[in-house]
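What follows is a single structure, written as structure tokens, with notes after it.
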Amino acid sequence: MFRVDLTKIEGVEDFPCPKCGTFISPDDLTKKVYTLLSIEGNDNNPTNMVLQCNKCKSILNLDGFGI
Ligand SMILES: [Zn+2]
């Protein structure tokens, strides 16, 4: 599992997958590039998200929402 700290990323728009470099946008509701595995908080104000890159199947644990 990869841990991604969104506070270290410029903006929260999107970020490259740590393994394959595919750009993933947490706000992308089409879910073409990733699969949402779990979410804490609510949809409008998530505190933590776990998703899987659809390209390389890496599990990404996103921290740092709402800071
Ligand atoms: Zn990937």
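The values are calculated or read from the model by the stated rules, or taken from the named source; none is laboratory data. Since the model is a prediction, treat every value here as computed from it, not as a measurement. Heads up, the Cβs are rebuilt from the backbone with ideal geometry, glycines too, and the neighbour counts pull from every protein chain shown. What goes into the accessible areas is simple: the full protein's heavy atoms, side chains included, and nothing from ligands, DNA or RNA. Shrake-Rupley method; radii C 1.70, N 1.55, O 1.52, S 1.80 Å.
Quick notes
- Residue match in the range 26-42 (condition: open to solvent by 90 Å² or more (accessible area, probe 1.4 Å), within 11 Å of the ligand (Cβ to nearest atom) and either part of a strand (DSSP E or B) or touching a Cys at 6+ places or on another chain (Cβ under 8 Å) (or both)): no
- The condition (being surrounded by 14 or more Cβ atoms within 10 Å (Cβ to Cβ) and either more than 9 Å from the chain's Cα centre (by Cα) or at pLDDT below 85 (or both)) is satisfied by just one residue among V12, V4, V50: V12.
- Matching entry among T7, T47 (being touching a Gly at 6+ places or on another chain (Cβ under 8 Å) and part of a helix (DSSP H, G or I)): T7
- Contacts under 7 angstrom Cβ, first residue in the range 16-37 being under 13 Å from C56 (Cα atoms), partner modelled with pLDDT under 85 and within 14 Å of the ligand (Cβ to nearest atom), 6 or more apart: F23/D14; I24/D14
- Residue ID - most open to solvent (accessible area, probe 1.4 Å), chosen from residues in the range 15-25 that are not β-branched (V, I, T) and not in a loop (DSSP other than H, G, I, E, B): F23
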